[in-house]
Structure formats: C-alpha cells, structure tokens
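Rule-based calculations on the coordinates, nothing more; no lab input. All figures in this text were calculated on a predicted structure; none of them were measured in a lab. We place every Cβ from the backbone using ideal geometry, glycine too, and count neighbours over all the protein chains shown.
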Amino acid sequence: MTKLRITGDYNMAYRPTVVGVDKAGSNEKDGLYEYVLHLEDGTMCRTFYNRFPEGWRMTHVSRLLKTPCPICRKDYICNCFEKFKGELDAQMKDGRVEELLA
Ligand SMILES: [Zn+2]
C-alpha cells in the first residue's frame, strides 16, 4: 500500500462561481477592459480583458485584498486565482461579457 501524504492539493477542489461583475475601466481604442468579479463566497477579483487581436481574452486575474484568499487563506497577495483564469473566463463568456459594455 502506498501511503499518500497530504500536500494541500485538495484545495484544488475549490471552484469559483461568478455571481456579479462590475466594469471598472476600459480603453476602447486598444480593446482593453477591466472588471471586478464578485464570487459567491464573497471574494472579489480584478480581471483584465483584451479583445484584440483574436477576441475576448482574459489576460490577468488577481484577488482583491478585501477578504482572505479562499484557497490558501492568505490575506495578502497570492497567485491562486491565476489557476482559475480559464474557469472564470468561461463563466464571464457564459454571462456574455460583450453585453456588459452596453
Ligand atoms: Zn491564495
């Protein structure tokens, strides 16, 4: 039998759920947009989108430091949400990010 050592990887079971989005800024000419995402657990993330050259693409995500990280529990900067860029991006697109610009 192989004994498994607990590495903390179980935290990967965390899945963020976007429940709201605020548009925080934009540069229409360059196709750059900044949003604040509100997650179900109260965490807020700042994200940046670039719509050029190949359409809406999340380029960066970071947790706002208002609440401790739900993944690593740090209350200072961490990169945990980088791992969920794809997931958050998919949820933003399900919510039709284009419509937020109207
Ligand atoms: Zn973290």
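List of remarks:
- Checking Val21 against (1) in contact with a strand residue (DSSP E or B) (Cβ under 6 Å, 6 or more places away or on another chain); (2) among the aliphatic types (A, V, I, L, M); (3) within 13 Å of the ligand (Cβ to nearest atom), the condition it does not meet: (3)
- Test: residue in region 8-18 that is of a type outside the set (Asp, Glu), in contact with a Pro (Cβ under 9 Å, 6 or more places away or on another chain), in contact (Cβ under 8 Å) with a residue 12 or more places away in the chain and more than 12 Å from the ligand (Cβ to nearest atom): no
- Count of residues meeting criterion [in contact with a helix residue (DSSP H, G or I) (Cβ under 9 Å, 6 or more places away or on another chain) and surrounded by fewer than 15 Cβ atoms within 10 Å (Cβ to Cβ)] in region 49-58: 1
- Residues of region 61-91 satisfying the condition of being surrounded by 14 or more Cβ atoms within 10 Å (Cβ to Cβ), closer than 16 Å to Lys23 by Cα and more than 9 Å from the ligand (Cβ to nearest atom): Val61, Ser62, Leu88, Asp89, Gln91
- Whenever a residue of region 63-76 is in contact (Cβ under 8 Å) with a residue 60 or more places away in the chain, it has no partner that is of a type in the set (Asp, Glu) and more than 9 Å from the ligand (Cβ to nearest atom) lying with C-beta atoms less than 9 angstrom away and at least six residues away or across chains.
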